Amino acid sequence: MAYPTQPAYIVTCSGWEERIKEHPVFDWMSDHEAAFDFGAAKQEPYTNWFTSDFSFTDPAGNSFKGEEAWAKLLETYAPLSAHFHEPFFGVVFENEKGYELLGCAKIFANLLVPGEGEKKKDLQGREWDVEVPGAFHFTYIKEEGAHKGLRLSEEKLFADGLPMVGALLKRGMVSGEDLIKKLSA
């Protein structure tokens, strides 16, 4: 049985290797990751990187748009004093307005409350409190005047929350009762 196909850029990598930045989406994403994880992106208007009607879907499946989406994305990272996204797999394909990326990354983070425990190391040898496996579905639009001609219009985050929840509980940043209330809401 024949079915329609389309070209895709498929990559396995060990972090932000230079070779993956040959594709415009990974080149843009490398810049965005640096600005979001280590730069001033969280203090700047979200429209520097995202469309004004940006859509964010959190790991629980809740979707938000525009400024509320940006606020919810920042809220997701609020318990962290630092974080880093280290990609290891991605599939990019073009759509009618730009591109889509299905990507997997290790999300490394330090919690706001210091504590003891085994540290996790990224490929650069930096030590982190937690390592969380994550997958993302990004949609980009091509837009003249945007950073490298692209703007992020949609982000869906899929992550295993257990490593993070366990670390938050151990550090006293959240209680079991808090979790039950959050899950019941």
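Structure summary
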read-out	value
Cβ pairs under 8 Å, 6+ apart, first in the stretch 156-172 and in contact (Cβ under 8 Å) with a residue 60 or more places away in the chain and closer than 16 Å to residue 182 by Cβ, second in a strand (DSSP E or B) and open to solvent by 40 Å² or more (accessible area, probe 1.4 Å)	159/133
The stretch 1-30 residues that are free of Cβ contacts under 8 Å to residues at least 40 places away in the same chain and small (Gly, Ala, Ser), paired with ones that are part of a loop (DSSP other than H, G, I, E, B) and surrounded by 16 or more Cβ atoms within 10 Å (Cβ to Cβ) (beta carbon under 6 Å, 6 or more apart)	30/16
Hey, residue 165 closer than 27 Å to residue 55 by Cβ, β-branched (Val, Ile, Thr) and either in contact with a Cys (Cβ under 8 Å, 6 or more places away or on another chain) or open to solvent by 40 Å² or more (accessible area, probe 1.4 Å) (or both) or not	yes
Enumerated strands (runs of 3 or more DSSP E) restricted to the stretch 19-117, each holding at least 2 residues that are among the hydrophobic types (A, V, I, L, M, F, W, C) and more than 23 Å from residue 143 (Cβ to Cβ)	80-94, 98-111
Residues that are among the polar types (S, T, N, Q) and either touching a helix residue (DSSP H, G or I) at 6+ places or on another chain (Cβ under 7 Å) or at pLDDT 95 or above (or both), drawn from the stretch 63-98	63, 81, 95
Filter pass, residue 153 being at pLDDT 95 or above, loosely packed, with under 15 Cβ neighbours inside 10 Å and in a strand (DSSP E or B)	no
Filter result for residue 35 (without any contact (Cβ under 8 Å) to a residue 40 or more places away in the chain and of a type in the set (A, V, I, L, M))	yes
Leading residue by the ranking (most open to solvent (accessible area, probe 1.4 Å)) among those in the stretch 140-150 that are in contact with a Lys or Arg (Cβ under 8 Å, 6 or more places away or on another chain) and over 17 Å from residue 87 (Cβ atoms)	142
Hits in the stretch 105-131 - residues which are open to solvent by 40 Å² or more (accessible area, probe 1.4 Å) and touching a strand residue (DSSP E or B) at 6+ places or on another chain (Cβ under 8 Å)	106, 112, 119, 120, 121, 123, 126, 127, 131
Answer residue from the stretch 1-44, given it is over 18 Å from the mean Cα position of the chain (by Cα) and hydrophobic (A, V, I, L, M, F, W, C) and is most open to solvent (accessible area, probe 1.4 Å) among those	1
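The values are calculated or read from the model by the stated rules, or taken from the named source; none is laboratory data. Keep in mind that what you see is a predicted model, and the values were worked out from it rather than measured. Quick reminder, even Gly has a Cβ in these numbers, built from the backbone with ideal geometry, and neighbours come from all protein chains shown. When the accessible area is computed, the model is the full protein with side chains, heavy atoms only, and any ligands, DNA or RNA have been set aside. Shrake-Rupley method; radii C 1.70, N 1.55, O 1.52, S 1.80 Å.
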